[in-house]
Amino acid sequence: MSGDRDLAVIGVGMHPWGKWGRNFVEYGVVAARAALDDAGITWPDVDFVAGGETVRNGYPGYVAGATFAQALGWQGARVASSYAACASGATALQSARAQILAGLCDVALVIGADTTPKGFLAPNKGERGDDPDWLRFRLLGATNPTYFALYARRRVELYGATRDDFAQVKVKNSLHGLENPNARYRKATAVADVLTSPLVADPLSLLDICATSDGAAAMIVTSMEWARAHGHADPVRIRGVSTVTPTYPNPVIEMPNFATDSAAGIGALPTHGFKSSIARAAYEEAGIGPEDLSCAEVYDLSTALELDWYEHIGLCEPGDAEGLLRSGATTLGGRVPVNPSGGLACFGEAVPAQAIAQVCELAWQLRGQAGARQVEGAQVGLSINQGLFGHGSCVIVSR
Amino acid sequence: MTARSRVPAIEGWFTLDEAEPKLIGTRGVDSGSYFWPPSLAVSANPNAPFEAREPVELSRTGRLWSYTTNHYAPPEPSVQTAPYTVCAVELEAEQIVVLGPLATEADPAQLRIGMPMELVLGPLYSDDEHEYVIYQWVPAPSIDGRIGPASGVEA
């Protein structure tokens, strides 16, 4: 089945994740070249560049679209830059999609790259007493893992999850990423490795929490018509892209906030929480459901968050994620492998590139080009994450 | 050397009443929704986005929604030294969850989700002239019978 709002993904590419310490533009150029080669087109064929932004790399990082267009050699393409924290890549894809579906362009490069500092992600320097992202560090020491740990402890309390359950997520993802040439960590991990790694924010230890990495991802998307006219008879297709914001009142404490919305005076909470609503909007656009998925790439900022996503994307009911994991359903060879790439556990997070990298992996899976981590007969894939400040990000692809 | 004067680490977020400090929020006059903290562009009730808001002191007790103890020193501009504990407390009347530090003297090993918590004041950091004070949460088992149950919102 083909919808009239589909896009073709005709090329994908990455710069391997790592801690390379070079300028992010360099990584982006490598990823762009790989995606162009994969698509069998040249740079001047691109008429729109959609860059995922980062806010840590100074001035060029804020204008990612133009920065990469310049680095590849000005050729007049139109550009846009998108900032949506972890969701920047999906927002960039959405911007390219709107251009293509509006008939304003045929061929777009969607690209994101990052060079990350060592240690915790932290706000920009300066005294900024009116910025919640600055204040959460100053007043509370509330790092990103602090929030991950608050959610993880809810799973422990509500569903009886254990640190051993969380460790099993890391064990699975490490296994998946073992032979992924773009992954930063390619080493088998045992439950004991996770449990004996230093506690960061209990119940989460160092190996429960993803690192920050350098890396870049790029893809070439086109209209279906253009793809067919240029020899791509059966490309991987973008079926749905969700960039929704929450619905009031959001009862979950989200980074970088100090408080939730108040449910007083509103009657009832929304039927679906924010994370569930992100997936639902993409499913609705694509006209498919969780039962159709062959695989999924979900944002495992922490091991426990991967379990939350199982429930939010409808793989199981709330409270059943630990059981689903332990059944083997989400492991390669199971019913619906999750994070066949190895996920953030093996990559670490390169913020503006990561949501694009998720879609690159799905493209390789759906083309049967994923090598040792191939999901047998993959036909439909979903990628999902949530960006700081209320950014939803979900992409559904199919053959 | 004279004693340092106690000043709030952030202006206008809480009262400096040593015995019974309270968070200072606002309430929408049409919707009845509560908002905190007061000094940032926080959320609005979409049914009344332009409503007037009146200042209001929030409940100083609630139930522990979740908590974690951090074992690594946080990056700048943080001033905490590890280990330090962050609590999320659900206020019943306001139906809002508020993040805050665990009280300096409290033992994180005693924390349990759903337990009653109470607002106190404690030190955040000091310089030559001032001690900067922050609101904190402390377990308050004695009030258990006097506040409602936790709501059980999803993770």
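The values are calculated or read from the model by the stated rules, or taken from the named source; none is laboratory data. This structure is a prediction, so every number in the text was calculated from the model and none was measured. Counting neighbours? That spans all protein chains shown, and the Cβs are built from the backbone with ideal geometry, glycine included.
Selection within segment B:24-63: residues that are facing another protein chain (nearest Cβ under 10 Å) and touching a residue at least 60 places away in the same chain (Cβ under 8 Å). The member of this set that is surrounded by the fewest Cβ atoms within 10 Å (Cβ to Cβ) is B:W36. For A:L178, the conditions (1) of a type in the set (A, V, I, L, M); (2) within 14 Å of another protein chain (Cβ to nearest Cβ); (3) out of contact with any helix residue (DSSP H, G or I) (no Cβ under 6 Å at 6 or more places or on another chain) all hold with the exception of (2). Would you say A:P251 is within 24 Å of the chain's Cα centre (by Cα), outside any helix (DSSP H, G or I) and modelled with pLDDT under 95? In short, yes.
Scanning segment B:79-95 turns up no residue that is within 26 Å of A:D261 (Cα to Cα), surrounded by 24 or more Cβ atoms within 10 Å (Cβ to Cβ) and more than 14 Å from the chain's Cα centre (by Cα). Checking A:V156, A:V194 one by one, the residue that is within 21 Å of B:N70 (Cβ to Cβ), away from every other protein chain (no Cβ under 14 Å) and either free of Cβ contacts under 8 Å to residues at least 12 places away in the same chain or not small (G, A, S) (or both) is A:V194 and no other. Of the set (1) buried (at least 24 other Cβ atoms within 10 Å of the Cβ); (2) within 16 Å of A:G13 (Cβ to Cβ), all apply to A:Q369 but (1). For segment A:217-234, check the following and say yes or no: at least one residue is crowded, with 22+ Cβ neighbours inside 10 Å and touching a Ser or Thr at 6+ places or on another chain (Cβ under 8 Å). Looking for residues that are crowded, with 22+ Cβ neighbours inside 10 Å and touching a Ser or Thr at 6+ places or on another chain (Cβ under 8 Å), one finds none in segment A:217-234, hence no.
Conditions (1) crowded, with 24+ Cβ neighbours inside 10 Å; (2) more than 19 Å from A:S205 (Cα to Cα); (3) in contact (Cβ under 8 Å) with a residue 40 or more places away in the chain, marked per residue:
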position	(1), (2), (3)
A:Y299	yes, no, yes
A:H312	yes, yes, yes
A:A329	no, yes, no
A:G334	no, yes, no
A:N339	yes, yes, yes
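Close Cβ contacts (under 7 Å, 6 or more residues apart or on different chains) running from residues in segment A:122-151 that are facing chain B (nearest Cβ under 7 Å) to residues that are of a type in the set (D, E) comprise A:A122/B:E76; A:A149/A:D202; A:Y151/A:D308.
Residues that are charged (D, E, K, R) and at the interface with another protein chain (Cβ under 10 Å from one of its Cβ atoms) within segment A:217-276 comprise A:D261, A:K275, listed in sequence order.
Checked against the criterion of being of a type in the set (S, T, N, Q) and in a helix (DSSP H, G or I), segment A:108-123 has no qualifying residue.
Only one residue in B:I113, B:I147, B:I143 is more than 20 Å from B:L23 (Cα to Cα) and either more than 9 Å from every other protein chain (Cβ to nearest Cβ) or of a type in the set (A, V, I, L, M, F, W, C) (or both). Which one? Talk me through it step by step, then tell me what you get.
Working: B:I147 fails: more than 20 Å from B:L23 (Cα to Cα); B:I143 fails: more than 20 Å from B:L23 (Cα to Cα).
Of B:I113, B:I147, B:I143, the one residue that is more than 20 Å from B:L23 (Cα to Cα) and either more than 9 Å from every other protein chain (Cβ to nearest Cβ) or of a type in the set (A, V, I, L, M, F, W, C) (or both) is B:I113.
Across segment A:180-198, the number of residues qualifying as farther than 19 Å from A:E361 by Cα and crowded, with 19+ Cβ neighbours inside 10 Å comes to 2.
From the list A:A80, A:A98, the lone residue that is under 30 Å from A:G11 (Cα atoms), free of Cβ contacts under 8 Å to residues at least 12 places away in the same chain and not assigned by TED's automatic domain parsing to the domain that holds A:S302 is A:A98. Restricting the first member to segment B:70-86 and to residues that are facing chain A (nearest Cβ under 7 Å), and the second to residues that are among the basic types (K, R), the beta-carbon pairs closer than 7 Å and six or more apart or on different chains are B:P77/A:R138; B:S78/A:R138; B:V79/A:R138. Of the strands (runs of 3 or more DSSP E) contained entirely in segment A:281-399, those carrying at least 2 residues that are among the small types (G, A, S) fall at A:380-387, A:391-398.
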